[in-house]
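As structure tokens, the structure follows; a few thoughts come after it.
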Amino acid sequence: MHAEDILHQVFGYPAFRGLQHDIIEHVAGGGNALVLMPTGGGKSLCYQIPALMREGVGIVVSPLIALMQDQVAALRELGVAAAYLNSSLSAAEAADIERQLRQGELKLLYVAPERLLTERCLALLHRCQLALIAIDEAHCVSQWGHDFRPEYIGLGRLADEFPEVPRIALTATADAQTRLDIKHYLQLTDAAEFISSFDRPNIHYQVIERQNGKKQLLDFIQKQAAGQSGIVYCLSRKSVEDIAQYLCDSGLNALPYHAGLPIQTRSQNQHRFTHEDNIIIVATVAFGMGIDKPD
């Protein structure tokens, strides 16, 4: 199928936006790419559609369990054979996903970087036909950034392991130095760069002096965002739970989300935020990356 046919028939969109079509055609044709596109700009289509156009399975490296779960759930609803391998799965569940992969039943597989780089996982992928390798949130490779993940540096090995497989690195946050780091550590020095405009007319920024933080937050929600869903970001796990409890005590539907919570609690809270209205998530900065919620 052509890219436009997949866009219409699978994803239900009328037309490509910005550089999407150019990126998709480049990667589908076997080229490597570095994509810098703002959140909400449609980065995921830039590897999902080429994976559906090419023979084999598309491997997507993602740093967050929440991001994997959200995207796989959305793809499955569209009828795309997608799955993920991460620590939230039981041994039996992981074995079943690996069986589907070996038998060529999957078109997209999301994998955490630390699992992907194990000898066992690499050996498994060598037994499969790979359509492409997408490295999402690629800025995690840079020590200059706030989201540095040391396991990302090892992903440069993929160029040696799978030299014939096109690779695409994607991020929404990369200055010039970070882009250089991405191309260097991921061995993408020959990759075409696609940089989209970051103008987002639907986003409004407001900065005010903090005086009574909790009261200011509550007033903002009650007066400017009453009845709406939203995310409140905090810098520590303790403050996440403190603020969530304060908002609940004030009559709001607030749920905490941070890495210290049990996986089941995080998954349940994310599911409620994604599928219900009038839910406030209080979270550390990782939450929200790739979460697709219309409002």
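The values are calculated or read from the model by the stated rules, or taken from the named source; none is laboratory data. Source: prediction; values computed, not measured. So basically every Cβ, Gly included, is an ideal-geometry build from the backbone, and we count neighbours across all protein chains shown. Keep in mind that these areas ignore ligands, DNA and RNA; they rest on the heavy atoms of the full protein, side chains included. Shrake-Rupley method; radii C 1.70, N 1.55, O 1.52, S 1.80 Å.
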Note to self: Looking at residue 58 and the list (1) surrounded by 14 or more Cβ atoms within 10 Å (Cβ to Cβ); (2) within 14 Å of the chain's Cα centre (by Cα); (3) not hydrophobic (A, V, I, L, M, F, W, C), which single condition is not satisfied?
What the structure shows: (2)
Notebook entry, point to check: Any idea which of (1) surrounded by 12 or more Cβ atoms within 10 Å (Cβ to Cβ); (2) over 16 Å from the mean Cα position of the chain (by Cα); (3) modelled with pLDDT of 90 or more is the one residue 108 doesn't satisfy?
Noted result: (2)
Notebook entry, point to check: When you go through 67, 106, 116 one by one, which is the residue that is under 22 Å from residue 274 (Cα atoms) and hydrophobic (A, V, I, L, M, F, W, C)?
Noted result: 67
Notebook entry, point to check: For the range 30-113, which fully contained helices (runs of 4 or more DSSP H) count at least 2 residues that are more than 30 Å from residue 256 (Cβ to Cβ)?
Noted result: 45-53, 91-102
Next item on the list: Would you be able to tell me the number of residues in the range 237-271 that are open to solvent by 70 Å² or more (accessible area, probe 1.4 Å) and touching a His at 6+ places or on another chain (Cβ under 7 Å)?
Entry: 1
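Being surrounded by 15 or more Cβ atoms within 10 Å (Cβ to Cβ), among the small types (Gly, Ala, Ser) and under 25 Å from residue 157 (Cα atoms) is true for just one of 82, 66. Which residue is that? I'd like the intermediate steps shown before the answer.
On the way: 66 fails: under 25 Å from residue 157 (Cα atoms).
It is 82.
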Notebook entry, point to check: Among the helices (runs of 4 or more DSSP H) contained in the range 123-223, which hold 3 or more residues that are free of Cβ contacts under 8 Å to residues at least 60 places away in the same chain, open to solvent by less than 10 Å² (accessible area, probe 1.4 Å) and over 28 Å from residue 239 (Cα atoms)?
Noted result: none
